[in-house]
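Below: one structure, written as structure tokens.
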């Protein structure tokens, strides 16, 4: 069984509202990534930052999508990861940000296949920097590591797989064979970027 975890915690200071509820062509960003994941995973979990946010997400997500709140108070994607992994029923989980509406499902499928038998797969940029989303995690093993990092005050999500053995570090440039312009990794964290993304809709969908 595979799990899809969407991190949608808190308000964006640059967007002025919850990222996942910002609309692209009339549809909330979270709906775009849910549609993408639905063809790849068996369950989808959306992690939000507060209980007050949940009713707004209920209005836009399908009934079979679970919405949960961060299990710890720290404001960090690592907390969203821990929360999602705690809730996951799958052996492996792919974790995506809610503001990446152009992720290619073929890439997600490939990440799952590469990860089987390992602790997961992370993506590395040419400068060595880790692209945290999307990444695939072995649920039980990575949850243990993530909890241990939090206990030490280390809240960088990329450190989970970085500090583990038996994982794949995949150069992101290799994915151009699937996604030539790497639009899968465009994140829409400003209203300007949301507007600019509209020109990508026709070639992508």
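The values are calculated or read from the model by the stated rules, or taken from the named source; none is laboratory data. In this text, all values refer to a predicted model and were calculated from it rather than measured experimentally. Reconstructed Cβ throughout: ideal geometry from the backbone, glycine too, with neighbour counts over all protein chains shown.
Table: residues versus (1) free of Cβ contacts under 8 Å to residues at least 40 places away in the same chain; (2) assigned to a helix (DSSP H, G or I); (3) surrounded by 20 or more Cβ atoms within 10 Å (Cβ to Cβ).
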residue	(1), (2), (3)
4	no, no, yes
30	no, yes, yes
35	yes, yes, no
41	no, no, yes
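Within the group 62, 55, which residue is free of Cβ contacts under 8 Å to residues at least 12 places away in the same chain, out of contact with any helix residue (DSSP H, G or I) (no Cβ under 6 Å at 6 or more places or on another chain) and either more than 21 Å from residue 195 (Cβ to Cβ) or buried (at least 20 other Cβ atoms within 10 Å of the Cβ) (or both)?
From the options 62, 55, the qualifying one is 55.
Quick check: anything in segment 68-79 outside any loop (DSSP other than H, G, I, E, B), out of contact with any strand residue (DSSP E or B) (no Cβ under 8 Å at 6 or more places or on another chain) and more than 11 Å from residue 7 (Cβ to Cβ)?
No, every residue in segment 68-79 fails to be outside any loop (DSSP other than H, G, I, E, B), out of contact with any strand residue (DSSP E or B) (no Cβ under 8 Å at 6 or more places or on another chain) and more than 11 Å from residue 7 (Cβ to Cβ).
Is it the case that residue 136 is touching a helix residue (DSSP H, G or I) at 6+ places or on another chain (Cβ under 8 Å) and closer than 17 Å to residue 114 by Cβ?
Taking the combined requirement at face value, the residue satisfies it.
Need at least 3 residues that are more than 15 Å from the chain's Cα centre (by Cα) and either modelled with pLDDT of 95 or more or surrounded by fewer than 20 Cβ atoms within 10 Å (Cβ to Cβ) (or both) per element, so show me which helices (runs of 4 or more DSSP H) inside segment 93-205 make the cut, counting only ones lying wholly within it.
In segment 93-205, 105-115, 139-151, 191-197, 201-204 are the helices (runs of 4 or more DSSP H) which contain 3 or more residues that are more than 15 Å from the chain's Cα centre (by Cα) and either modelled with pLDDT of 95 or more or surrounded by fewer than 20 Cβ atoms within 10 Å (Cβ to Cβ) (or both).
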